[in-house]
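**Q** This structure is in structure tokens; I'll ask about it shortly.
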Ligand SMILES: [Zn+2]
Ligand SMILES: [Zn+2]
């Protein structure tokens, strides 16, 4: 099987996984909007033990509504937000789907924190929607 790989804009920070993500979702929460300076975040979650991170990263901690800390990790050089880690999912590493390289195909199965969704964002039919998180 082909490895799944990602890297930041400048290429210093790298990610590689040996298996497909356990879950891919789109998160509309305010933290994601703030962290990415975007309308939403498209994140794929990989098992820690089956993925590797290489390079220097910096992090910013957010406190989720659940009381869990979530941590955005980004490249120290180009500021690309690459990873998303949550105390709620200690064995999973979230990776920004926009940074994943071909042949990875984005197939988010659910949208979370839909109540914070920006008005102009349209969610495709047939995808699960949650008002808040899924924990
Ligand atoms: Zn970089
Ligand atoms: Zn979020």
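What follows is calculated from the coordinates using simple rules that are stated; it is not laboratory data. Predicted, not measured: the structure shown is a model, and the values here were computed from it. Here Cβ is always computed from backbone atoms with ideal geometry, including for glycine, and neighbour counts include all displayed protein chains.
**Q** For residue 131 and residue 60, what is the calculated FRET efficiency with R₀ set at 25 Å and r taken between the beta-carbons, to the nearest 0.05? Could the numbers behind the result be given before it?
**A** On the way: r = 25 Å, r/R0 = 1.01.
Step by step, r from the Cβ atoms, then E = 0.50.
**Q** By DSSP, what percent of the beta bridges with both residues in segment 4-129 are antiparallel, rounded to the nearest 5?
**A** Bridges in segment 4-129 are about 85 percent antiparallel.
**Q** Ranking request for peptides 36-49, 7-20: highest mean number of other beta-carbon atoms within 10 Å first, then the rest in descending order.
**A** Order by mean packing, descending: 36-49, 7-20.
**Q** Run the paramagnetic zone check for residue 22: 7 angstrom along Cα to Cβ, then residues of segment 68-96 with backbone nitrogen under 18 Å.
**A** Under 18 Å, as judged by backbone N against the label point of residue 22, lie 68-71, 83-96 of segment 68-96.
**Q** At 222 nm, what helix-only mean residue ellipticity would the chain give, in deg cm²/dmol to the nearest 500, using -39500 (n - 2.57) for each DSSP H run of four or more?
**A** About -1500 deg cm²/dmol.
**Q** Another question about this same structure. Mind jotting down the distance between the C-alpha centroids of segment 119-135 and segment 37-101, whole Å?
**A** If we compute the Cα centre of each part, the gap is 20 Å.
**Q** What length, rounded to one decimal in nm, is gained on full extension from residue 10 through to residue 101, with 0.36 nm per residue of separation minus their alpha-carbon distance? Numbers along the way, then the final one.
**A** Working: separation 91, 0.36 × 91 = 32.76 nm, distance 1.40 nm.
Separation in residues times 0.36 nm, less the Cα-Cα distance, equals 31.4 nm.
**Q** Using only the C-alpha atoms of segment 65-114, find the volume of their convex hull and express it per residue in Å³.
**A** In segment 65-114, the Cα hull volume divided by residue count equals 118 Å³.
**Q** Something else: Would you work out the Kirkwood radius for segment 1-70? I mean one over the mean of 1/r across all pairs of different Cα atoms, in Å.
**A** The answer is 13.8 Å.
**Q** Gain in length, residue 34 to residue 78, computed as 0.36 nm per residue apart minus the alpha-carbon separation, to one decimal in nm? Before the final figure, lay out each step's value.
**A** Working: separation 44, 0.36 × 44 = 15.84 nm, distance 1.70 nm.
Net length gain for the segment: 14.1 nm.
**Q** Over the alpha carbons of the chain, what is the largest minus smallest coordinate on each principal axis, giving the biggest first in Å?
**A** 35, 31, 27
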